[in-house]
1. Could you identify the single residue in Ile185, Ile192, Ile144 that is buried (at least 16 other Cβ atoms within 10 Å of the Cβ), part of a helix (DSSP H, G or I), among the β-branched types (Val, Ile, Thr) and without any contact (Cβ under 8 Å) to a residue 60 or more places away in the chain?
2. Just to be sure before I move on: is Leu17 without any contact (Cβ under 8 Å) to a residue 12 or more places away in the chain and under 20 Å from Ser195 (Cα atoms) in the structure I sent?
3. Restricting the range 202-217 to residues that are in contact with a Phe, Trp or Tyr (Cβ under 8 Å, 6 or more places away or on another chain) and modelled with pLDDT of 85 or more, which is surrounded by the fewest Cβ atoms within 10 Å (Cβ to Cβ)?
4. Go through the residues of the range 106-117 one by one and say whether even a single one is modelled with pLDDT under 50, under 30 Å from Val7 (Cβ atoms) and part of a helix (DSSP H, G or I).
5. Among the residues of the range 48-74 satisfying the criterion of being among the hydrophobic types (A, V, I, L, M, F, W, C) and farther than 15 Å from Thr209 by Cβ, which is modelled with the lowest pLDDT?
6. Can you find, within the range 32-80, the residue that is surrounded by the fewest Cβ atoms within 10 Å (Cβ to Cβ) among those that are in contact with a helix residue (DSSP H, G or I) (Cβ under 8 Å, 6 or more places away or on another chain), among the charged types (D, E, K, R) and farther than 27 Å from Ser18 by Cβ?
Amino acid sequence: MYARSLVSCYVSKVADLSESILNALERLDFLTYAPCGRALIEIVAILRYYIEAHYKPLLDKKSLSPDDIRTLIDIDDRHLRGSRFDWESFLFSNYSKLRNDAVQQLSEKRQARFRRNSEELVKQQVNIKTCIEKWASDTPEVLIAYDLFCDLVHPNIGSNFLIASAGAEGLRFVKHRGEMVGHRIFEQSFPILLSVTHRPLGDYLTLLTATCWHDDELGECNATQ
């Protein structure tokens, strides 16, 4: 079920984010376009990292041993669940535990993770910066796209431009008072976003479906690509 769940998660998230971008553009809501675009880049970066660093070495073997199968299951589990956030405490409304962990994390200068199960959480989590840098080493344009969309999300001049307009009165940080700067940024950034996300996504998903076990019903994953 891991392989099927992973493919479904990726397809659903990309579809929802893409629809959100289209809806935002209809409203000229460029502030919403920016975080959706960055999320798309991060999603593809994570998928690419797992494909290149973990799945391909196993797939290149052609035939998997029982140990390889166990390794594959461990990779899928980390791929699907990896997180630093204490979801158990959150879902069971143990907010005092979350608060105590946050206070403890802030009070210890060298503490970069929650105390509880910190080693396990660190092992599960894959840092997005690592994924972006690995990808950019082969495709430098990815780093340009990611830096651009990060700047459009952060509370600085990039995101300020998204709600600005330029006209005879100069630059105003409000829309519809001249040419919308956000629209110009969209026209230049959208082709970049598509080139680094939607184009390679299909290839990576195809490789992910190749991890399905072909001797049981999971082989149907290939038919749903």
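1. On the way: Ile185 fails: without any contact (Cβ under 8 Å) to a residue 60 or more places away in the chain; Ile144 fails: buried (at least 16 other Cβ atoms within 10 Å of the Cβ).
Result of the check over Ile185, Ile192, Ile144: Ile192.
2. Numbers: without any contact (Cβ under 8 Å) to a residue 12 or more places away in the chain: no; under 20 Å from Ser195 (Cα atoms): yes.
For Leu17, the condition - without any contact (Cβ under 8 Å) to a residue 12 or more places away in the chain and under 20 Å from Ser195 (Cα atoms) - is not met.
3. It comes out as Leu207.
4. no
5. Going through the range 48-74, the residues among the hydrophobic types (A, V, I, L, M, F, W, C) turn out to be 51, 53, 58-59, 64, 69, 72-73.
Cutting the leftovers down to farther than 15 Å from Thr209 by Cβ gives us 53, 64, 69, 73.
On the way: Ala53: 91, Leu64: 80, Ile69: 86, Ile73: 88.
Checked the range 48-74; the qualifying residue modelled with the lowest pLDDT is Leu64.
6. Of the range 32-80, the ones in contact with a helix residue (DSSP H, G or I) (Cβ under 8 Å, 6 or more places away or on another chain) are 32-56, 58-59, 61, 64, 68, 71-73, 75-80.
Retained after the next criterion (residues that are among the charged types (D, E, K, R)): 38, 42, 48, 52, 56, 61, 68, 76-78.
Then drop every residue that is not farther than 27 Å from Ser18 by Cβ, which leaves 61, 68, 77.
On the way: Lys61: 10, Asp68: 13, Asp77: 12.
Here the answer is Lys61.
Residue-wise test of (1) among the charged types (D, E, K, R); (2) in contact with a Lys or Arg (Cβ under 8 Å, 6 or more places away or on another chain); (3) within 24 Å of His154 (Cα to Cα).
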position: Ser8; (1), (2), (3): no, no, no
position: Lys13; (1), (2), (3): yes, no, yes
position: Phe30; (1), (2), (3): no, no, yes
position: Ala34; (1), (2), (3): no, no, yes
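Results for (1) farther than 23 Å from Lys134 by Cβ; (2) in a helix (DSSP H, G or I), shown as yes or no for each residue.
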{"residue": "Pro57", "(1), (2)": "no, yes"}
{"residue": "Arg70", "(1), (2)": "yes, yes"}
{"residue": "Ser83", "(1), (2)": "no, no"}
{"residue": "Asn100", "(1), (2)": "yes, yes"}
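The values are calculated or read from the model by the stated rules, or taken from the named source; none is laboratory data. A quick note: this is a predicted structure, and the numbers were derived from the prediction, not measured. Positions of Cβ are generated from backbone atoms using ideal geometry, with glycine treated the same way; all protein chains shown enter the neighbour counts.
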